[in-house]
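Colleague: What follows is a single structure, and I will ask about it in a moment.
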Amino acid sequence: MTVTGQKRIRRRTSLDRQHVRTKGMMIGRYVLLLAFSFAYLYPLIYMNIVSLMDVKDLVNPSVTWIPSAIYWGNYTQAVDVLQLEQTVPTTIMIAVVSAILQTVSTGLVGYGLARYEFPGRKLLIVLMVLTFFIPAQITMIPKYLLFSRIGILNSPLCLFLPALFGQGNNSAIFVLIFYQFFDSYPPSLDEAARLDGASDGQIFVKIALPVSVPAVIISVLFSFVWYWNETYITALFCGSEYTTLPMALENFSFTFSKMFPTTPGSLSGQLSEGITMAATNITVLPLVIFYLLLQKQFVESVDKSGIAGT
Amino acid sequence: MKLRRIRNGYLFVSIWIIGFAVFTLWPLGYSLYLSMCSVRVGTGTIHTTFMGLQNYVDAFRTDVNFITYLLPKLEELIVYTPMIVVFSLICALLLNKQFRGRTVFRAIFFMPVVMIGGPVISTLIANKAQEVIEPNKYMIYRFFTDLPDSISIVGQPFLYIFDNLVLILWYSGVQIILFIASLQKIDSSILEAARIDGASGWEIFWKITLPSLRSMAMITAIYSIVTLAQQDSELNTYIMTYMFNSEKVYSYSAAMAWIYLLIQLLLIGLVFLILRERRDKPAAM
């Protein structure tokens with residue numbers, strides 16, 4: 001109330017402007033995020049819904065989003081064709097072993113590059129970065145011949161050996177992650193230990209390893225996922241003996257027609273979109289569950305690894 | 001003493017050096033050699049006859065399929081990459097600050113990372129699971145397509161974004177994380193100082209935030225090119241299956257792979273030229 005007793009309208013200050021703007025920004029942020037989330041989830045929603053539709057619903061143009069009844073038959077068929085009892089353990093085995101081997105070798109190399117000075121070190125780092133650009137198709141033929149010559153073709157060793165020697169799937173990324181990581185803590189810790197008489201090996205095990213846990217987590221997680229999904233090269237090198245789940249999906253229509261030969265003219269028994277979607281859903285499911293359980297690690301650990309510090 | 005340190009250094013990296021020599025360097029060289037040969041398979045060995053660049057010429061001149069598969073892929077690389085960089089930057093900005101539900105949104109946006117690289121994406125595409133918007137049903141789409149040709153060019157990018165939005169977002173997972181990490185590395189004292197000096201949020205964004213993201217933008221773009229190029233595609237399947245073609249076993253496939261690689265390197269070089277940090281401009285930090 002002013003002296004004159006009239007009601008005074010408070011002038012809008014810049015603080016008010018900021019308040020409104022921040023509120024507006026919050027709403028805007030949520031709107032955008034929701035819109036993008038919808039786009040992200042749409043294929044999954046679509047996949048889940050279609051996989052529950054039977055053929056009648058699929059051909060019925062008036063049925064778009066709600067199936068007339070929940071039909072599990074697609075899943076039972078998909079499970080048969082995908083041969084889950086074989087493909088899932090195989091996939092897990094290949095992915096886990098490769099991930100571990102790759103983590104070990106890239107960790108060692110990253111440590112060596114970060115903590116030691118030796119001639120050719122810069123060159124090695126450059127080479128490392130360059131290997132990232134090499135697509136798998138370029139080296140696959142000579143590797144195929146090489147593996148054939150040493151007799152390990154058609155076994156997962158074709159994947160394990162390169163991983164063990166730091167030449168696995170996207171290994172360069174992990175070497176660089178470990179390198180950044182080991183570079184980020186002060187060498188004085190090492191120095192102190194050395195003064196106390198520790199050997200280089202002990203320094204590695206007692207100091208470097210415990211610190212490197214976040215980087216190890218990233219490396220194992222991403223390696224696991226990438227090896228799981230790697231279909232081309234896996235199929236080429238061990239395809240005839242070992243079938244992974246993604247490979248089973250890749251060959252789905254072929255396997256389906258072998259297992260369920262169809263009589264022409266009948267609609268039932270043919271490979272429908274519903275069955276394909278059910279198969280895709282099953283293929284994706286293990287990784288999605290894996291991801292959901294560990295998603296904090298996936299998302300947060302990249303922050304901790306410091307790879308963004310250029 | 002120093003010698004021992006050097007020796008230990010080599011010890012740690014020796015495993016990679018061996019691996020590189022055996023599993024990367026030699027295959028690279030041999031692949032290049034094979035691509036310039038004509039190969040016959042004997043029992044237990046293969047016979048190669050040096051042919052020069054004939055395979056490369058054939059890929060462009062006589063092989064109808066190669067160009068047919070290559071051009072769409074090239075278009076995809078050129079168009080998707082900038083969009084991926086832009087969208088992942090936007091998403092990173094959205095997901096950076098603390099707010100309620102951030103974990104959930106981050107989980108959603110990053111989930112496709114566990115699904116790409118295999119047949120999952122191509123199966124979804126084949127079944128049209130990524131067509132979020134049936135464009136014909138929407139007024140905006142019809143508005144753009146009904147424009148006279150001279151003006152409708154303007155609408156093309158928008159239409160393209162709609163049609164491909166889902167895929168672009170799905171390919172952005174890792175890039176979003178990289179940008180978030182970069183954003184968090186920006187020295188908050190600089191932001192404070194700018195705010196105290198009276199800079200608006202907009203100015204802060206363009207003059208401080210964006211320039212410091214430049215190098216990550218380059219890394220993101222390069223990463224996108226490399227991963228997009230390796231996806232399931234007609235081109236890649238063609239190269240793989242041609243490997244065992246009876247007439248040109250091994251060699252032609254290698255040539256195609258090398259051509260593809262050179263194209264990727266060209267694009268990467270372009271990105272590098274555009275986005276590298278200029279030494280003469282003072283850095284924001």
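To keep it simple, each residue is scored yes or no on (1) at pLDDT 85 or above; (2) open to solvent by 30 Å² or more (accessible area, probe 1.4 Å).
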residue: B:Arg40; (1), (2): no, yes
residue: B:Gly44; (1), (2): no, yes
residue: B:Phe50; (1), (2): no, yes
residue: B:Gln54; (1), (2): no, yes
residue: B:Phe60; (1), (2): no, yes
residue: B:Asp63; (1), (2): no, no
residue: B:Pro72; (1), (2): yes, yes
residue: B:Ile78; (1), (2): yes, yes
residue: B:Gly101; (1), (2): no, yes
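Colleague: Also: Please name all residue pairs, on different chains or six or more residues apart, with Cβ atoms under 7 Å, provided the first residue is in region A:179-197 and is surrounded by 11 or more Cβ atoms within 10 Å (Cβ to Cβ) and the second residue is outside any helix (DSSP H, G or I) and of a type in the set (Val, Ile, Thr).
Modeller: What qualifies is A:Gln180/A:Ile307.
Colleague: Exactly one condition in (1) within 9 Å of another protein chain (Cβ to nearest Cβ); (2) open to solvent by less than 50 Å² (accessible area, probe 1.4 Å) is not met by A:Ser223; state its number.
Modeller: The number of the failed condition is (1).
Colleague: Restricted to region A:198-220, and to residues that are open to solvent by less than 20 Å² (accessible area, probe 1.4 Å) and aliphatic (A, V, I, L, M), which residue is nearest to the chain's Cα centre (by Cα)?
Modeller: A:Ile218
Colleague: Can you tell me which residue among B:Tyr33, B:Tyr69 is in contact with a helix residue (DSSP H, G or I) (Cβ under 6 Å, 6 or more places away or on another chain) and among the aromatic types (Phe, Trp, Tyr)?
Modeller: Details: B:Tyr33 fails: in contact with a helix residue (DSSP H, G or I) (Cβ under 6 Å, 6 or more places away or on another chain).
Matching residue, one of B:Tyr33, B:Tyr69: B:Tyr69.
Colleague: Here is a follow-up. Mind listing whichever residues of region A:137-189 are within 7 Å of chain B (Cβ to nearest Cβ) and at positive phi?
Modeller: If the condition is that a residue be within 7 Å of chain B (Cβ to nearest Cβ) and at positive phi, then A:Gly166 is the only one that fits.
Colleague: So which of B:Phe179, B:Phe205 is more than 10 Å from chain A (Cβ to nearest Cβ) and either open to solvent by 20 Å² or more (accessible area, probe 1.4 Å) or closer than 22 Å to A:Leu33 by Cβ (or both)?
Modeller: On the way: B:Phe179 fails: more than 10 Å from chain A (Cβ to nearest Cβ).
Going through B:Phe179, B:Phe205 in turn, just one is more than 10 Å from chain A (Cβ to nearest Cβ) and either open to solvent by 20 Å² or more (accessible area, probe 1.4 Å) or closer than 22 Å to A:Leu33 by Cβ (or both): B:Phe205.
Colleague: Would a scan of region B:221-241 turn up a residue that is touching a residue at least 40 places away in the same chain (Cβ under 8 Å), in contact with a Ser or Thr (Cβ under 6 Å, 6 or more places away or on another chain) and under 30 Å from B:Ser38 (Cα atoms)?
Modeller: Yes: region B:221-241 contains one or more residues that are touching a residue at least 40 places away in the same chain (Cβ under 8 Å), in contact with a Ser or Thr (Cβ under 6 Å, 6 or more places away or on another chain) and under 30 Å from B:Ser38 (Cα atoms).
Colleague: One residue is enough: does region A:255-267 have a residue meeting the conditions modelled with pLDDT under 75, of a type in the set (A, V, I, L, M) and open to solvent by 60 Å² or more (accessible area, probe 1.4 Å)?
Modeller: Checked region A:255-267: at least one residue is modelled with pLDDT under 75, of a type in the set (A, V, I, L, M) and open to solvent by 60 Å² or more (accessible area, probe 1.4 Å).
Colleague: Now a separate question. Please state which one of B:Ile168, B:Ile161, B:Ile186, B:Ile125 is modelled with pLDDT of 80 or more, within 12 Å of chain A (Cβ to nearest Cβ) and within 20 Å of the chain's Cα centre (by Cα). Outline the logic, then answer.
Modeller: Values: B:Ile161 fails: modelled with pLDDT of 80 or more; B:Ile186 fails: within 20 Å of the chain's Cα centre (by Cα); B:Ile125 fails: modelled with pLDDT of 80 or more.
Only one candidate passes the filter, namely B:Ile168.
Colleague: Tell me, please, whether a residue that is within 25 Å of B:Gly173 (Cβ to Cβ), acidic (Asp, Glu) and buried (at least 18 other Cβ atoms within 10 Å of the Cβ) can be found in region B:233-247.
Modeller: no
Colleague: Across region A:95-130, which residue is nearest to the other protein chains (Cβ to nearest Cβ) among those that are under 21 Å from A:Thr231 (Cβ atoms) and touching a Ser or Thr at 6+ places or on another chain (Cβ under 6 Å)? Even if it seems obvious, please write down each step before you answer.
Modeller: Here is the first cut: in region A:95-130, the residues under 21 Å from A:Thr231 (Cβ atoms) are A:95-102.
Applying the additional criterion that residues be touching a Ser or Thr at 6+ places or on another chain (Cβ under 6 Å) yields A:99, A:102.
Values: A:Ala99: 13, A:Gln102: 11 Å.
Filtering region A:95-130 for residues that are under 21 Å from A:Thr231 (Cβ atoms) and touching a Ser or Thr at 6+ places or on another chain (Cβ under 6 Å), the one nearest to the other protein chains (Cβ to nearest Cβ) comes out as A:Gln102.
Yes/no per residue for (1) within 13 Å of chain A (Cβ to nearest Cβ); (2) in contact (Cβ under 8 Å) with a residue 12 or more places away in the chain; (3) in a helix (DSSP H, G or I):
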| position | (1), (2), (3) |
| --- | --- |
| B:Leu3 | yes, no, yes |
| B:Val13 | yes, no, yes |
| B:Gly19 | yes, no, yes |
| B:Trp26 | yes, no, yes |
| B:Val39 | yes, yes, no |
| B:Asp58 | no, yes, yes |
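Colleague: Only helices (runs of 4 or more DSSP H) wholly contained in region A:49-119 count here; list those with 3 or more residues that are open to solvent by less than 10 Å² (accessible area, probe 1.4 Å). Full working, then the answer.
Modeller: Working: elements: A:55-59, A:73-82, A:84-115.
The qualifying helices (runs of 4 or more DSSP H) are A:73-82, A:84-115.
Colleague: Do the conditions hold for A:Gly274, that is, is it at pLDDT below 85 and within 23 Å of B:Val114 (Cβ to Cβ)?
Modeller: Values: at pLDDT below 85: yes; within 23 Å of B:Val114 (Cβ to Cβ): no.
So A:Gly274 does not fit the description; no.
Colleague: State yes or no: is B:Ile90 part of a helix (DSSP H, G or I) and facing chain A (nearest Cβ under 9 Å)? Break it down stepwise before answering.
Modeller: Working: part of a helix (DSSP H, G or I): yes; facing chain A (nearest Cβ under 9 Å): yes.
Considered against the rule, which asks whether it is part of a helix (DSSP H, G or I) and facing chain A (nearest Cβ under 9 Å), B:Ile90 comes out as yes.
Colleague: Go through (1) over 19 Å from the mean Cα position of the chain (by Cα); (2) β-branched (Val, Ile, Thr); (3) within 12 Å of another protein chain (Cβ to nearest Cβ); (4) part of a helix (DSSP H, G or I) one by one and return the number of the condition B:Ile259 breaks.
Modeller: (1)
Colleague: Got a sec? Which of A:Leu101, A:Leu41, A:Leu32 is under 30 Å from A:Lys206 (Cα atoms) and not acidic (Asp, Glu)? Write out each step before concluding.
Modeller: On the way: A:Leu41 fails: under 30 Å from A:Lys206 (Cα atoms); A:Leu32 fails: under 30 Å from A:Lys206 (Cα atoms).
Every option except A:Leu101 fails the conditions.
Colleague: If you don't mind, another one. Within region B:1-29, track down each residue that is open to solvent by less than 50 Å² (accessible area, probe 1.4 Å) and among the hydroxyl-bearing types (Ser, Thr, Tyr).
Modeller: Within region B:1-29, B:Ser14, B:Thr24 meet the criteria.
Colleague: Then there's this: Name the residues in region A:121-137 that are surrounded by fewer than 22 Cβ atoms within 10 Å (Cβ to Cβ) and more than 20 Å from the chain's Cα centre (by Cα), would you?
Modeller: A:Arg121, A:Lys122, A:Leu123, A:Leu124, A:Ile125, A:Val126, A:Leu127, A:Val129, A:Leu130
The values are calculated or read from the model by the stated rules, or taken from the named source; none is laboratory data. If you're wondering where the values come from, they're calculated on a predicted model, not measured in any experiment. Ideal geometry is used to build each Cβ from the backbone, glycine not excepted, and the neighbour counts take in all protein chains shown. These accessible areas exclude ligands, DNA and RNA; they are computed on the full protein's heavy atoms, side chains included. Shrake-Rupley method; radii C 1.70, N 1.55, O 1.52, S 1.80 Å.
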